[in-house]
1. Taking C:Lys56 as the anchor, which lysines have their alpha carbon closer than 23 Å to its alpha carbon, excluding any fewer than eight residues away along the same chain?
2. Under a 1.4 Å probe, what is the accessible area of the range B:15-238 per residue, stated in Å²?
3. From the C-alpha gyration tensor of chain C, pull out the three semi-axes of the equivalent ellipsoid (sqrt of 5λ each), sorted largest to smallest, in whole Å.
4. Please list, ordered by chain and number, the residues whose modelled amide H lies under 5 Å from the amide H of C:Trp218; skip anything fewer than 5 residues away on the same chain.
5. Taking 25 Å as R0, compute the FRET efficiency from the Cβ-Cβ separation of A:Ala73 and A:Tyr143 and round it to 0.05.
6. How many percent of DSSP beta bridges within the protein assembly as shown run antiparallel, rounded to 5?
7. Just to be sure I understand: if you take the accessible area of chain B alone plus chain C alone and subtract the pair, with a 1.4 Å probe, what total do you get in Å², rounded to 100?
8. Between B:Val258 and B:Ser124, take the C-beta separation as r, use R0 = 45 Å, and let me know the FRET efficiency to the nearest 0.05.
Amino acid sequence: MILAGVLLLLALVLPGLPLGEWRAFLLDTAQFAFLISGLALAWDLLARTGQLSLAHGAFFGLGAYAAALSAPALGTVPALLVGGAVATLSSLLLGLATLRLQGMYFAIATLAFSEVMRTLVLKAQFTGGSIGLPVQPAFGGAYPLGGYYLAVAVLVICTLASLLLSKSRLHFAMAATRQGEAVARVLGVPVVRVKLVTFMISAFLAGLTGGVYAMKTLFLSPYDAFGLGRAVEALVIPIFGGLYTTTGPLLGGLIIVSLETWLRLRIGEGYLVVYGLVLVLTILFLPKGLMSLFARRKGARHA
Amino acid sequence: MDLLLQTLINGILAAGIYALVASGLALAVGVVGIVNFAHGEFSMIGAFVSYLLFVGAGIDPLISLGLAALVLFVVGAITYYGLIRPVLAAPELNQMLLTFGISVALQNIALLLFGADTRVVSTSYQGATITLGGISFGAPPFAAFVLSVGLLGALYWFLGKTRLGFAVRAVAQNRLAPGLLGIETQQIYLLAFGLSAALAGIAGVMLSVMLYASPTVGFAYTLKAFAIIVMAGLGNLRGVVPAAITLALAEAFVSTYVPGGGGWVEAVFFLVIFVALTWRSWRLS
Amino acid sequence: MKKVLVVLLAVLGLAGLALAQTTVRVGVLLPISTVAGKAALNGVQLGVDQVNAGGKVKIELVVVDDGNAPAAAVPALTKLMTVDRVDIVIGGLASGVTFALSGPVKQYNPLFLCIGAASSVVEQAFSDYGRFFHYHPWDYHNVAAALSFFKSLYDGGARRVAILYEDGPFGSAGIQTYRQQLQNQGYTVQAEPFKSGSGSFTAILTRLKSFRPDILYWIGYDVDALPIAAQTRQVGLEPKLIYGAPPAWPLGFEKNNLSNDVAGMTAWLPSVANNESRRFVTLYRRKYNEITDEYMAPMGYVIALSLGKAVEAANSADKDRIAAELAKVQMDTPFGPLSFKPSDTGKTRFQGFNQSIWLQFQYLEGSRRPVFPANRAARPLRYPGNY
């Protein structure tokens, strides 16, 4: 938690640090890293109820498209909220339909949702279809760091949501639901409501990050915005960092994106081999993700 | 009438490869309990085995079938022994990240070795056609379908009628009791995972003949294979073929009968799955 | 005294050499793990070797992978501009990525030598940017080139065209234009989308059977080439011509019997018989021990050579003086003559090639032979083909 605070503080002051020639590059990379970490935090929230979602790429994409389409009329911040709202609404409908599905069944149902959504956006006219959709920069490009601080803000919101939820009573309801719905029901946990509410919060956050992403890349296409790759990334990062925690996805996201960027610059061709091996080794030697590094040290201190 | 028959045949033949890729995956998921994201990469290795033997030694892919199965059985066994076994007791999500990592690494090793190029083999029978009345279809897809059905039949026979197959099913149903019965769970897992990879390898050789070989050839089919085994019900090997046929028929009918339907194929495929899954979940409770 | 004089002369001579040699750092931003991106990079490096061997100009390359995705390409460009401090960037292969780069490019103002990105959307995005040199033809050039071929097919008796197009940006972008223009030529057209890489075309081809097309025109990727050729025969569609427009063809396709009589469009073939093309093939083979069919390789080579010429003429590393000289460059290339003019729509100021570089080829007896336009044809088109 202290680590999470330090990371966020660092994100806030990063543009002011004397980074020299690497400044612009770092800010660009950091901005994408923040968004991906935010998405991972959102995914992890839902995972706490035991649901493995592959729909987060779709929530991200819906948020991105909704924000991009409404920004000219509404302005940046309201458009982002619209993006979040659209994602939330879709998650409510999806959640109601898939309420009784668990594990892989839920995962594939959400994957199916993603694929169908992508096709709809691809076939629709007002989204620019397969050709893609040009997007206005945040705040009409008035502030050079506007997009960056939007990304920071989204990351802060995701982190706070994650922290608050793990301190709230909902946290126990979520954990109980994850460990066994039948038992949770007996304990008096309103399982349906817990799952739905978490799903909606999670989707809202994913939609927000999507909107900010759109205003950064300035161009959306269905294959990029709804890519399965992003849904997988949203799941890889929390497992890599440490599931059901706040610091885990946060730290994991920043490290994974930095690692990938660094490898691409250093190695170039075939850099993903190393990336894949890092994932494999992490699982073999750090079964609880990066967070087990800290847990172990903490344990040693207590002993 | 001809159009209807032709569409039915198109759909059923397409289901052959689906079923083959999905059965291998179903073995890994159903018996070993591993959601193997690298299954498509095993197919990719099979496709490259076929391609390299063809280019290097002029060996016909038909002959490579057996060899690829053998190679992939070994690859699968090594993967199981070295990487999967240590995480058998770990949470499902960890296993998924592990196999995802393997998949990324394998795909990119292939990229380093062979480049991103799409490569094709050339045989005399790739375009061969069978014509019956007003209906015509390709000999290779038909052969692939027959081979798939034959292999799956052999697999069902093995699981249903042999002692070893019984042991495999016992392990799949209960992870504790077989040990008490003196069945070596570890060896069964090794066997099941190896078989799973071998089936992927055979599918890969077929892909090299009907489509191409490239580092990404396995990907498209893996996603659909996952969907198929989930629709069949995890661990339900017998459900794989009906599920594959249902989905392939849905695809074929949309493409043939709906204007512009080719653009909706994926959506329809996944919509059918979505409806089947949610409908079943509501009916059961 | 004599010694001093010699030393002095030597120093002056060296200084003179140093003065005569202009060094420029150039960023290269390409999707290097794709086939086309790798070919383009090879071509650029080959061209730079040649420029540097001339001794008057020294080009230093900084190569970065654009990951074929906006989220990777934007930071990569930023790094080129701010860390490596290049003034000149060669890149922009895929249209979507290039579009995403338009914002950052305008922010950092490099001289941007664009190798691909045929989409008019990109032309629009760079319309107010003065340092944009676009070498590749625009999509309307591609359409024009294909249509003049279809015109000749119409004269040869073809009336019905079935179009199969992949439903991503590559296949769908020009589809309405194609359909309209073909109808204007007198064709009856039926167009169907498909998902690239799925490998199953029997159902769509069955649908097209009742349409009885003379020409099966497909717009997709290399992965679709063999399945379409095989399954067209298997469903008994029997078109008179299969005409494909992928950005690249599969390796070994020419050796496959199913490729026979399949036609397509490219900007260049290794067999193209002009001096520059022959020279390129020789040099490429010497450096890489193989030859490529990818026209992005000579495209990269041409960009490097033209840049070398411009730097030499400018005798300066200043990007605007180089740009001014580049605008005046006239040279022969493997594609034919190159010079920069305002684009046909007037939106961008420096457009390199146009529809004239495209040629139509047909797979005949195991290799690709130019068949259209007539002045570049090595063989007559086999029509109807045997599928």
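The values are calculated or read from the model by the stated rules, or taken from the named source; none is laboratory data. Note that the structure is predicted; figures quoted are calculated from it, not measured. No Cβ is skipped: glycine too gets one built from the backbone with ideal geometry, and neighbour counts run over all protein chains shown. Note: areas computed on protein heavy atoms with side chains; ligands, DNA, RNA excluded. Shrake-Rupley method; radii C 1.70, N 1.55, O 1.52, S 1.80 Å.
1. C:Lys287, C:Lys309, C:Lys319, C:Lys328
2. Details: 8170 Å² over 224 residues.
So the range B:15-238 comes to 36 Å² accessible per residue, rounded to a whole number.
3. Working: eigenvalues 367, 96, 65 Å².
For chain C, the ellipsoid semi-axes come out as 43, 22, 18 Å.
4. C:Leu164, C:Tyr243, C:Gly244, C:Ala245
5. Details: r = 20 Å, r/R0 = 0.81.
Calculated transfer efficiency: 0.80.
6. On the way: 20 of 61 bridges.
If I count the DSSP bridges inside the protein assembly as shown, around 35 percent turn out antiparallel.
7. For chain B against chain C, roughly 2700 Å² becomes buried.
8. Working: r = 36 Å, r/R0 = 0.79.
For B:Val258 and B:Ser124, the calculated efficiency is 0.80.
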